[in-house]
Number of protein chains: 2
Amino acid sequence: MHGSPALHEDVRPLEFLIGAWRGEGAGRYPTINPFTYGEEVRFWHIGRPFLVYSQATWSLDDGSPMHGETGFWRPKPEARLEVVLAHPSGVVEVEEGSLAVDRGAIRIELATITVGQTTTAKPVDALTRSFRGEGDSLSYSVGMAAVGQTLQHHLGAELRRVGG
Amino acid sequence: MHGSPALHEDVRPLEFLIGAWRGEGAGRYPTINPFTYGEEVRFWHIGRPFLVYSQATWSLDDGSPMHGETGFWRPKPEARLEVVLAHPSGVVEVEEGSLAVDRGAIRIELATITVGQTTTAKPVDALTRSFRGEGDSLSYSVGMAAVGQTLQHHLGAELRRVGG
């Protein structure tokens, strides 16, 4: 069943992302103490018109798991991008935005159009994500409006390509 | 970072599910032709109070990938269960319900409290999921209200445990 299917043509604009990325990030928010984290991000494909996405972060102190996300990235015509994500914190997101590829560099801008959450999850109102990739580097920043705070910078990380 | 952390106590009621499951299912809906599929479901944990869930289906004719889902299962007090899922079709779900464990058998009943979707996804209004597990068997049925149709049976499958 698995094998190595050819990359779906629709996914070609996101080909840069495919593989594994690893690095460190830092987070802050008015309601919590600033923190740092280790992170691994993986993008892969199964020959269909989307990428599968999986992300995990861990404590730089003791390696214990912190956050994680999983979902699918769906490139669309006219450089549009749709992303659906689930978080272990009990949150789901639909994000939409744009991607631009220029001489091997990629830029992605996303913002939530829908956020859903379970009864016991902390309230999240909106998220934004920006990605910049070039060569073996991928960086991102995440903005968040949650627990009554306005949309503002929450997370930023610098990752390096570590394999496929 | 990974190792083999101890199972989080909150996840104990879902311990039955941990591992890999494989089998076949059948789907129908008023708007499509009936179909069958192969399926693999995996549940695993990382020492936190949730299970990670990943599912993939494929054509029984040629093994080509069909559907997939990924997300997190969050057991809560009083036998409540929260599930957040993302689908490559551009849908996210928040499902909530109950679980019952009795002499090694498990029953789970879930229904969506929120469904979100991307601009280009087919409209899904509601989903329900029932699971029955015992020994090395796991079966489920999925109900769906979508594309203007009322909530009704959509998918059912019988899976066997194939490893951890």
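The values are calculated or read from the model by the stated rules, or taken from the named source; none is laboratory data. In this text, all values refer to a predicted model and were calculated from it rather than measured experimentally. Positions of Cβ are backbone-derived with ideal geometry, glycine not excepted, and every protein chain shown enters the neighbour counts. In case anyone asks, the SASA skips ligands and DNA or RNA and just uses the protein heavy atoms, side chains included. Shrake-Rupley method; radii C 1.70, N 1.55, O 1.52, S 1.80 Å.
Tabulated data
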read-out: Accessible surface of the stretch B:40-92 [probe 1.4 Å, protein heavy atoms]: carbon and sulfur percent; value: 50
read-out: Contact surface B-A: accessible area buried, both sides summed, square angstrom, 1.4 angstrom probe; value: 2800
read-out: Dimensionless Rg ratio for the stretch B:9-163, taking C-alpha atoms and the 2.2 N^0.38 Å reference; value: 1.01
read-out: Computed P(r) (all Cα pairs; the stretch B:50-131; 5 Å bins; percent); value: 3, 13, 20, 23, 17, 12, 7, 3, 1, 0
read-out: Relative contact order (%) - criterion: Cα under 8 Å, at least six apart; region: the stretch A:1-139; value: 15
read-out: Rounded to whole Hz, the Karplus (6.51, -1.76, 1.60) HN-Hα couplings of the stretch A:110-123, x for glycine and proline; value: 10, 8, 5, 9, 8, 10, x, 7, 6, 4, 9, 6, 5, x
read-out: The stretch A:78-99 residues near the modelled A:Arg12 label - backbone nitrogen below 18 Å, point 7 Å along Cα→Cβ; value: A:78-81, A:99
read-out: Surrounding net charge for A:Trp21, when Lys and Arg each add one and Asp and Glu each subtract one, Cβ distance under 11 Å; value: 0
read-out: Teacher prompt: A:Gly104 distances to equivalent labels in other copies, 7 Å Cα→Cβ, nm; value: 5.9
read-out: Coordinate range along principal axes, alpha carbons of the stretch B:1-84, Å, largest first; value: 43, 30, 18
read-out: Computed Rg/Rh of the protein assembly as shown, alpha carbon atoms with Kirkwood Rh; value: 0.95
read-out: Cβ-vector label at 7 Å, A:Glu78, separations to other copies in nm; value: 4.8
read-out: For the stretch B:1-65, size of Cβ-based charge dipole, Lys and Arg +1, Asp and Glu -1, in debye; value: 140
